[in-house]
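The values are calculated or read from the model by the stated rules, or taken from the named source; none is laboratory data. Every value quoted in this text rests on a predicted model; they were computed, and no experiment measured them. When we count neighbours, we look across all protein chains shown, and the Cβ atoms used for this are built from the backbone with ideal geometry, even at glycine. Accessible surface areas use protein heavy atoms only, side chains included; no ligands, DNA or RNA. Shrake-Rupley method; radii C 1.70, N 1.55, O 1.52, S 1.80 Å.
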Amino acid sequence: MNVERMKLKQLTVLSQLSAPGDVSYATLMKELNITKVRELEDLIIELIYAKLLNATFDQKRMLLHFVGCTSRDVPNPDVLQRTRLTLTSVQPTVDVMLQSLGSWRANSARLLQTIDDMALDVREKELEKEGHDASRDAELEKRIAVVRDMMKTDMPLPGRSDADNNLD
């Protein structure tokens, strides 16, 4: 059997199985113009292995118990209509969700900007404090150096009387 003919027969089987249930071998064989049961079973087995068909054989009663199929090539109008209705019914909910997510994103961006601004303020104040501390430390070091120099030269310390300076 050539590839095109096989594909056509597979599509015919899938189109015949539009609702779950049992289908007789005779019905499928007639529709497919197949005379041998083995040929029908081989065709269905290929569909099952290809994961296009979910079905089981009842060889004793000559039935195919159909559960479901993946119709990649044969769109099922009922399934398409149900899918359209489902999508249409959830569209307002999706729109509300998108609006909520958009608001959340905008609020999050504002919050992050506020946090960044606060962190920048803290950094600036810290640098300012470090600068103030550094200038105060430098002033203190200068005073200490002056006092050391005075002590070395026996000069009177500023703010002290001569009696206080002569501690001998």
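Can you find a residue that is open to solvent by 90 Å² or more (accessible area, probe 1.4 Å) and of a type in the set (D, E, K, R) anywhere in segment 84-101?
Yes; the residues of segment 84-101 include at least one that is open to solvent by 90 Å² or more (accessible area, probe 1.4 Å) and of a type in the set (D, E, K, R).
Quick check on segment 17-33: of everything there that is of a type in the set (S, T, N, Q) and farther than 11 Å from CYS69 by Cα, which residue is farthest from the chain's Cα centre (by Cα)?
Step one: list which residues in segment 17-33 are of a type in the set (S, T, N, Q), which gives 18, 24, 27, 33.
From the residues that got through so far, the ones that are farther than 11 Å from CYS69 by Cα too are 24, 27, 33.
Details: SER24: 47, THR27: 48, ASN33: 50 Å.
Restricting to residues being of a type in the set (S, T, N, Q) and farther than 11 Å from CYS69 by Cα, the top hit is ASN33.
Criterion first (under 21 Å from ASP22 (Cα atoms), open to solvent by 80 Å² or more (accessible area, probe 1.4 Å) and modelled with pLDDT under 90) does ASP116 satisfy it? Walk me through it before giving the result.
On the way: under 21 Å from ASP22 (Cα atoms): no; open to solvent by 80 Å² or more (accessible area, probe 1.4 Å): yes; modelled with pLDDT under 90: yes.
Judged against the criteria, ASP116 is not a match.
Filter segment 34-58 down to residues that are within 19 Å of ASN2 (Cβ to Cβ), open to solvent by 70 Å² or more (accessible area, probe 1.4 Å) and within 39 Å of the chain's Cα centre (by Cα), then give me how many there are.
1
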